[in-house]
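The values are calculated or read from the model by the stated rules, or taken from the named source; none is laboratory data. Source: prediction; values computed, not measured. When we count neighbours, we look across all protein chains shown, and the Cβ atoms used for this are built from the backbone with ideal geometry, even at glycine.
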Amino acid sequence: MPTEKERLDEVEPTVADLVATTQALTAELGRVSARLLVLERRLSGAGSGPDEDLDAVEGITETVNALRAAWDAEQELLADSVRAELSAEVTEYESLREQLNAGLAKLSSGRMPRFERDALQHEVQNLEWRVNAQESGAMAAAERLDADQLAAETPWRAEAVMAGDKARLEIQDIARHRLNRALAADTRLPLWFRVGLGEITAPDPSRWVEAAVALVAYRLEYGVTDPISPLGEIPSAASGFAAWVRRAEAHTDIVDQLESLRP
């Protein structure tokens, strides 16, 4: 039967190997942790290089000017959703008027059973009330639709809108290129960027990157230069015009993206 010393001598090489392996793993973990810290700082904007100006328009003036022209053009054009609502309002009013005229014509057409006439008179009175209640709104809706149609037929406006759609895709590519360049160069990203994006999401940073690209593109498209607030003032879609509805929808979408990154 082996003595205690003999048993210790037998396991000593194994223990030594385990100690050496543990030390090597600890050193490697420290190295990886250090690299991850650098990566997180770089991706979150706290780089060690010079300040990065993501709002600069130098070199992209043609794209920015196209977006500004599209903004001006869409100030007189209704958003598709608003146009559909107004059209439905006018259509409903016209249908009620047709029903009213048909009922009045039937009442004056000749004799009919009393119970049928009473029922028809009640229906006609109800239609008259509804037509009167909706008339002013329907007239206003029709005027807005006419003005929208007239504006849409203006050649320069249609061209500006088409150019704006193309420029909107370009500004997304420009924003992605700027972000990739800034992260690769380890530059210090603006305060508004760090306020909006926070730390990089782990283990999958893709949502963080897409939100960052959308944010940079939004500021470039709408000329937001607030040094602290990522999106600037909250836009309102109350006017119903395409320019403001588009901006309000984009604002809401980016806010949702940024909120989803919060822990």
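Which condition from (1) modelled with pLDDT of 95 or more; (2) in a helix (DSSP H, G or I) is the one that Pro230 breaks?
The one condition Pro230 does not meet is (2).
Out of Arg188, Arg178, Arg144, which single residue is within 23 Å of the chain's Cα centre (by Cα) and not small (Gly, Ala, Ser)?
Working: Arg188 fails: within 23 Å of the chain's Cα centre (by Cα); Arg144 fails: within 23 Å of the chain's Cα centre (by Cα).
The match here is Arg178.
Search region 51-65 for residues that are touching a residue at least 12 places away in the same chain (Cβ under 8 Å) and over 13 Å from Val224 (Cβ atoms) and pair each with any residue that is surrounded by 13 or more Cβ atoms within 10 Å (Cβ to Cβ) and hydroxyl-bearing (Ser, Thr, Tyr) when their beta-carbon atoms are under 8 Å apart and the residues are at least 6 apart or on different chains.
Asp51/Thr187; Glu52/Thr187
Out of region 106-122, which residues are within 56 Å of the chain's Cα centre (by Cα) and among the aliphatic types (A, V, I, L, M)?
Within region 106-122, Leu107, Ala119, Leu120 qualify.
Pull up region 247-263, narrow it to residues that are surrounded by 13 or more Cβ atoms within 10 Å (Cβ to Cβ) and in contact with a Lys or Arg (Cβ under 9 Å, 6 or more places away or on another chain), then point me to the one that is nearest to Lys166 (Cα to Cα).
Gln257
Taking region 84-103 as the search range and keeping residues that are of a type in the set (Ser, Thr, Tyr) and surrounded by 14 or more Cβ atoms within 10 Å (Cβ to Cβ), which one is farthest from Ala142 (Cα to Cα)?
Tyr93
Which one of these is surrounded by fewer than 14 Cβ atoms within 10 Å (Cβ to Cβ) and either on the phi > 0 side of the Ramachandran plot or part of a helix (DSSP H, G or I) (or both): Trp244, Trp192, Trp156?
Trp156
Among the residues of region 130-140, is any within 31 Å of the chain's Cα centre (by Cα) and among the aliphatic types (A, V, I, L, M)?
Yes, some residue in region 130-140 is within 31 Å of the chain's Cα centre (by Cα) and among the aliphatic types (A, V, I, L, M).
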